[in-house]
Each structure stands twice: as structure tokens, then as C-alpha cells.
1. Somewhere in the range A:631-642, is a residue at pLDDT below 55 and open to solvent by 40 Å² or more (accessible area, probe 1.4 Å)?
2. Mind listing whichever residues of the range A:586-599 are assigned to a helix (DSSP H, G or I) and open to solvent by 10 Å² or more (accessible area, probe 1.4 Å)?
3. Given the options B:151, B:177, B:120, name the one that is in a helix (DSSP H, G or I), open to solvent by 10 Å² or more (accessible area, probe 1.4 Å) and among the aliphatic types (A, V, I, L, M).
4. Counting only residues that are assigned to a helix (DSSP H, G or I) and at pLDDT 90 or above, how many does the range A:62-78 have?
5. Could you tell me how many of the residues in the range A:227-258 are over 17 Å from residue A:132 (Cα atoms) and acidic (Asp, Glu)?
6. Based on what the data block shows, is residue A:319 out of contact with any Pro (no Cβ under 8 Å at 6 or more places or on another chain) and either modelled with pLDDT of 85 or more or part of a helix (DSSP H, G or I) (or both)?
7. On the basis of being touching a residue at least 40 places away in the same chain (Cβ under 8 Å) and not charged (D, E, K, R), does residue B:15 make the cut?
Amino acid sequence: MKLSPANYAAIALTVAGAIVMSALNWSGRPVSVATVGSMLVVGVTLGSIYAVSASGLVVVYTTTGVFNFAQGAMGMYWAFVYWELRFNRNWPAPIAIGLVVLVMAPLGGVVLDRLVMRRLRGTPLVLQLMVTVGLMLGFMGLAATQWKGDRGRNAQPFFGRSGGFELLGVNVTWHRFTTICVAVLLAVLLRLLLHRSRIGVAMRAVVDSRSLTSLTGANPEIISGLAWALGSSLAAVAGILIAPESGLVVELLTLVVVDAFAAAAVGRLQSLPLTFLGAMVLGIGQQFMRSFLDFPGGFSNADRALPTILLFVVVLALPQAKLHVRGTASAASARIRRVTPLSDAALGGLALIVVVVSWSGGLVPFVDEWTGTGVNRGVTMMITAIIMLSLVPLTGWAGQVNFAPLAFAGFGAVMFLKVAGDSGQAWGLLMAALLTAPVGALMALPAVRLQGLYLALASMAFARGFELLFFTQSSVIDSGAGERIASLHFAGWQLDGRGRGYLIFLTVVFAAGVVGLIALKRSRYGRRWMAIHDSEAAAATLGISLVETKVIVFGISAAIAGFGGALFGIQQATLNPSQFTLLLGLPIVLLLVVGGVAYPAAALFGGVNTILFIVIKERLGWSWLSALEILGPGLMAVAMVVNTRGAVTDMGRAFSPLLPWRQDAREQLRLGHASSREDEIGELGLDRPFTRDHVNDLDKHLGIVDLIPATPSAESRGGL
Amino acid sequence: MALLEATGVTVRFGGLTALDDAGISVEAGQVTGMIGPNGAGKTTFFNVMTGLQDTTAGRVFLDGRDITRLSVHRRARRGIARTFQRIEVFGQLSVLDNVLVAAEMRRRWDRSGPPPHEEARACLERVGIAEIADLSVAALPTGSARLVELARTLATRPRVLLLDEPSSGLNGRETQAMADLLRDLTEDGLAVLLVEHDMSFVMGLCHRINVLSFGEMIASGTPTEVRSDPSVQSAYLGSDHGAVQ
């Protein structure tokens, strides 16, 4: 492979950084054949597991074009199934492994392909990302429901904990030996499969052109099913191998996927040999850090953060994405484009405020039993909705995927704590927003170079990096010191973070935020954001600077999230690093997208659903709902393969014709009915006379209604 | 001196040479045509001039100033505008907003003229689609969408207009209107460079024509000269396409 100067620079910088880091944190433990040897054994074992997991990612991605964010979660799930069979029901290991790896996992993969993945073909990337991330949460929720966290589980290594053989004075356990052998075997088999077998060549061809591949006699449907079966099996192998090393913990095993992402990114998501290389570098690097380096307090997670850092570096060192000239797909029928007027947004905001004021005041009868915790729930809902609002301009309008809204929110909360934590002065909120904006702009730098999937990966690495290296610093959040954030002082009021006054304040803030965002959407900034979303190439040829535009939208998004985070800090009163993890941020992103990421109203939908899941779970108390807060958003996101529009779009379509001033919505509805009569048009003129009205209907249907002068008959028909 | 000039442009994709030492010069107040068989490298050439494609070798000059290293948006700000072969409109926006984006952006480097809204309306009127201003652009037929793209480029007040197959998707009447419009624009001093397959359109409109074949500029001259050039005839007739379309 040819490396560009940027690649060399990245490699040189990484190596230099690694050396400096090692020198600064050297533990002074003895370096001998024994210590280095045992580091290598463990490192290569880890690397082997990453390699197996990452190769599953690569196989599925190169064959189906779908990047499977759920790869780690699938491995986690199959590891739990294996544990259930092997240790809970005491089946013999070969049968349990054979059943999971060769039967259940492939079957699961095929089912996923049939039910979900096939429908993703040709859909926008954002949808593909959300559906596989939804799947990831779905698997996590499923595992947490089936295997409750109330008891310890142990997956024993193969051939017991002790035993093994001596190699150069280092003990290699049979489990580790097996792991390494499995990885080598799979590497050889995959290479043979993809490059030497007919089906493998077809698998690689199908992603380039489905239609051409099917012309050669291969069946793309079967091939994509096979790829998912294989990917799922590889996930299972990785999961079963790593569970004894890391423990059977849902989150831990799921996040192996981030390590696999880094390895796969080294291979540019395509090359298996480079992926294996990346996995080895990672495994050995991590073990080197554990064996020979000591990191001071806040950086104690540095070894776990290594994959994240590698992912970030690799993604940034990738060659700059060319501006794609792709052509604009045309929609089905012409319609007047309506941009929500500010008056509508303001009206909706007022309605929301009225509802919240009367609800929290106990005026609505059947919910008053929730007051107390109910009001606190409302506070959580509004804060979630405000953080979700941050993604509306960024992802909804400018098309920039961001899985790190909670990292921004956490940053904002920390800033509020530092600036106005003692006093709770309201100007601290604005300061928090302002201080978070540059962090967003920082995130925009990769966004300038990256598009779509790589940006999503970079944002994930960003969120994980913040989680492991930033919030853990005692100078950032000092969990031990018991720093408390005071209640909010605003215009002479003192608003307790869990009280009704705070809830009403938040509602007003949210409503103002919606109106402000709609105003932004209608401004030149909004237009520019939508322009770079639709065609970066065309936008650039009009003189639009992509760097500047992305920096602005990321900055604004981060500011909103930081503001929301500060509000969250006031509600929580104390901060701790576990409040702002990557995994907690994912449901926020998913629920917003389920609502319809381009609409501020979707943020309210998302906020309502966030607490709805918790309320349902608590009120019903059924054990199979015990992980509903992750299972729910996950399944809703997966269900988007059926309805890609977003929930609030449908709600809007259903309700807006009822509003007296929405003549246009009624007209749209009528047009919709007209186009659903499409079938009837087929024999028109043969069995019935072809009248002027039919011409008008056809014109409307074809979307040329506004190009031709209205005929008298069209005018005489009037409204409905 | 030519307004827009490119010399020795070479672009290689791995082993494939898409453009080989190709050059062109585009004069203000003229319509310059670029023709060539499919795959000759016409769109790649456009991408080189607008900065969407890096070159292996070669230089691009605007007004005698070297702009080879300038980014896409900086070239646009100096007056290079283009349309795309496969239409690149902003599908989320209305027809008017598509043009408005450009008009608003242009005020960054040139604050003269009417406010953006008026300017955008004027551009729509100039290409004759003012009556569909409020329609969603994603749903337009190809011909109208092409006109939106054209109106959008006009809103940047370009000095050079690069049009990639402006007449494709247009009917006979619309094609005629397009030709008239381009003539009008060049009379205002604009330089137009267009890639086109419709030979009668090219021959009737262009002052000069350049012929690109397999990445090389094989001929250049007036329509009459080009038509009778033997290498042009062999480039077209030698292929499987048969005759000049």
C-alpha cells in the first residue's frame, strides 16, 4: 500500500507521542525476558480477540456496505448465551460452542439480515448508523433483561485457569494459546474464503455493484445473508474468547467494539491483513501500558483509552474525503416547500408552557399522583429535550453525525460548576454555553475532513475519550470533594433543581430554544447548513467555505448541549464521571432521530419518550421490562427501517390539516389522496372519458401544477 | 489575454490517465464549447478548473493569476461558477432558497447590488422560472432543476460560467431559451464554457470549440474548423457510436 506524507506524519507523531508518554509514565518495573514475554503473550491474546471481532466488522462492511456498530453487542450477547449453556446448564464445552458459534449466531445473523439489514440498502447513511446503533442498544437491553446484573457470572477459561506450557520462561495458559490459534486459523480461512473461493469473490463483488454481480449468476440476497451469518459467528467467537479475560459484563463486552473499530480503521475497513496488524498493535500496546507504565490518578484509564486514541488518530490520518458529486435524487411529487413560520413555533412553545404549568400544578387530574418525583421526571425530560435540540441543526440540517452530545453536555456542566457552581447565578448558564462552543469547533476539525461513517466513528471516539480521560480528572470533577452545585438564581428567584419553578423555567427555555432554532433555520445560516448537507460540492462552488460553516454549526450545537448540560448539573447538584458516558449518550441521539432529527419538535418527542420508558418500567414493574430504558430506544431505532420519516413528521401530517390556518396542509392531504389513485389512471380514457379534471389531476400528480396557468375548472373547485 | 486559462493539465487515477497535458483558454464575452466522446475527461476537466479535482500536473489561471492551489470556495469567490452534469441542487430547500444561498454568500466578497432576496428573484426571472420559486426543488423535473442550478450560479455574479451539459433534460423550446440566455449573458461580458452532447446546440452557439478525446485536447477552433477536422471525425466516427449526434 502506498502511504501519503500525511500517513507518515501521523505514524511519526503517534510513535513520538507513544515514546514521550512511556518516558513520562515509566513505572520502573523490571524489564526482563520474563516480563516482556508475559506482556507479549497477553498482548497477542488480546490482539487476537480484537482481530476476530474486527474481521467480522470488515467482512460485513465490505460485503453489504453496512457498518455494524452492534458487532461488539452481538459478541456480548452470544458470550452470554454460551455462558448460559456451558456454565449455568453445564453442557459440555464443544457442544455449547458448536451450538452458539455454528448454529445460533449464524442463524441470528441471517434473521437480522432478512428482517432489518436488507431494508437498509440505499437508505441514507444516518439511518444505517442509527439502526445498527439501535441494534447495539437492543442487544444490550436483551442481555440485561435475560441475565440480570444481580449475581456474579464467571466464564471459565478453556482448560481451566492454571496449566499451560512454558515458553522462554513464560507461562502460556491453554486458553490464551487457543485464542491465538483461533485467530490465526480464522485469518487464514477468511483470506482463503474471500480471495480463493467463488463465493468469496462474489461477496467482494456484490458491494461494488449488486446488479452486475447478480448478472454473473450470484445471488446478492444469499450473499448478504452469508456475510451477516459469518459476521455474527465471528462476533460470537470474539465474545466467547474475551469473556473469561474481561468478565461477563454487558457494557464492557459491548465496548470491545470500539477496540475493534480502531483495528478495522487501520485496515480502512477493507483490508483484513491491516486490520489484524492494527489489532495486534492495539493488544500489545494496551498490555505494554498495563505492564510497564503507571498513570497518575485521572489518567488511570489510559490503557482502556488507547483504542479510542488510535481510532481518532487513524480516522484523522485517512486521506481527505473528496467532495462527492452524486446528483440529487428527485422526490415523488412537487409540493410547495413550507418552512415553519416563527409564529407557529411560538404558538407551539406557548401551548407547551401552558400544558407544563397546569400539569405540574396538579391541574390535570390523573397525573397528580406523580408530583414530587413526577416534577423531577419533567425536569429530566426537559433537560434531555434541550440537549437533543443541540443535534437538530447539526445532524438534522447540516447532516453532520455526532454521537458525542453528552460529552458536550458534560463539559457544559463542568464549566457551570467551575464558573457559577457556588452561586447558581443564571449568567453561568450562558458562560457554560460559550465555553463549550470551542470544544464543538474542535470536533468540527475532523468533520471538515471526514464525512458520514468516519465522522460518526470520530465522534464516538471523541465521546469515549472524554469519558475515559477528561471527566475522570480530579481537577475536572472531584467526586470525593463533594462539590455541590447551588440551585439556580434567576431574576430574583431561587429555583431548586428538582422543583416546579425549575421545570417551568426549563420549559420556557426549551420553547425559546425552539423558536430560536426555527429563526436560525430560516436565516442564511440555516440555508447554508442545509446546502452543505445536500451537496458539499455544489455549496463549495458557490463560494461557501465548508470549514467555516461546519465550525459554526458544531460550535452552536455544542453551545446548546453545554447549556443543557449546565441545566443538568443544577438538577443533579453533584457531578460524577459516570453521568456523561458514551453509552448514556446513544439513546439521546437515537430517540431524537426516531422523532425526526430535522424537527425541533422531535426533541420534545425524544424527551417525553426518555421518561416514558422509565415510568412504564417502574409502574408496571414486570421483570422483562427491567432494561426498558436501553431496550426501548434501541428497538425504536431499529424499527426506523419500516418508517424512515420520523415520528413527528407523521404526527404533523395528521394534525396540521386540523389547524384552521393550515390551508396548505389540507391541500397537501388532498394531493396525497389524488396520487394514491394512481392505479386508476392506467385505463383512464379507455373505459371512461378523459376530462379536463383528469388533466388537472395528472398535472398535480406529475408536479407541474404551478408551471401552467390555473384553468377555470381548477379554480372553481376551491378548497376541499 | 484569456480570462480563464488552463495549461498542461494532467490527471491520473492510479494507472488511468484521465487528462493528458490538456489545455484550454476561455475568452470573456464568448461561449466556448468542449466536446468529446463519453469518457473523454470533460467532467474531470471541469472539476480541475473548479478545484474539485487535484491535478498531477498543470496550471489554471484566472485573469493571468495562478489559481491552481486555491480551494473550491476561493475560486468561486474569484468568479468561477459551474453547474453539474448530474444535477446538484439543495433538495431540502425551495427553488428560491437555492438561489438565495448563493446570493447571500456572494455578499461576503461583493456587497454591491440589491439585497439578496431581490437579487435571487431577479436571477430566477432571468432564467425564466420565477413562477416556481416556492416549490420544493427536490421534486422538480430535470429541466427545471437545471435552470435552478443556472440561476444559482448567476447569483454568485460569476465572471466565468462552466456548464456541464446544460441542455440535457430540456425540451426543444427550453433548449432554445437556454441558448438565447447564454448569448445574452456573454453579451454582458461573461465567459461561458460548456460541455455538451447536443451538436446543433454547440455548433450554433459557440464561438470556439475544443475537442477532447481520451484525455487529450485533439482540436480547437471555430465550429466550421472543428467540423472539418479529420482527427475530430475519426475520434467520433472511429468509435462505436457511429455518426456525430
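The values are calculated or read from the model by the stated rules, or taken from the named source; none is laboratory data. This one's a predicted model, so the numbers in the text were calculated from it and none came from an experiment. Please note: Cβ atoms are built from the backbone with ideal geometry, for glycine as well, and neighbour counts cover all protein chains shown. Only protein heavy atoms, including side chains, enter the accessible area calculation; ligands, DNA and RNA are left aside. Shrake-Rupley method; radii C 1.70, N 1.55, O 1.52, S 1.80 Å.
1. No, every residue in the range A:631-642 fails to be at pLDDT below 55 and open to solvent by 40 Å² or more (accessible area, probe 1.4 Å).
2. Looking only at the range A:586-599, we keep the residues that are assigned to a helix (DSSP H, G or I), and these are A:586-595.
Of everything in the range A:586-599, those that are assigned to a helix (DSSP H, G or I) and open to solvent by 10 Å² or more (accessible area, probe 1.4 Å) turn out to be A:587, A:588, A:593, A:594.
3. On the way: B:151 fails: open to solvent by 10 Å² or more (accessible area, probe 1.4 Å); B:120 fails: open to solvent by 10 Å² or more (accessible area, probe 1.4 Å).
Answer to the check: B:177.
4. Let us first name the residues in the range A:62-78 that are assigned to a helix (DSSP H, G or I), namely A:62-64, A:71-78.
Then keep just the ones that are at pLDDT 90 or above; that gives A:71-78.
Qualifying residue count for the region: 8.
5. Total meeting the criteria: 1.
6. On the way: out of contact with any Pro (no Cβ under 8 Å at 6 or more places or on another chain): yes; either modelled with pLDDT of 85 or more or part of a helix (DSSP H, G or I) (or both): no.
The answer is no for residue A:319.
7. Details: touching a residue at least 40 places away in the same chain (Cβ under 8 Å): no; not charged (D, E, K, R): yes.
No; evaluated as a whole, the condition is false for this residue.
Residues are listed down the side, and each one gets a yes or a no for (1) surrounded by fewer than 18 Cβ atoms within 10 Å (Cβ to Cβ); (2) at the interface with chain A (Cβ under 8 Å from one of its Cβ atoms); (3) in a strand (DSSP E or B):
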{"site": "B:47", "(1), (2), (3)": "no, yes, no"}
{"site": "B:60", "(1), (2), (3)": "no, no, yes"}
{"site": "B:81", "(1), (2), (3)": "no, yes, yes"}
{"site": "B:89", "(1), (2), (3)": "no, yes, no"}
{"site": "B:102", "(1), (2), (3)": "no, yes, no"}
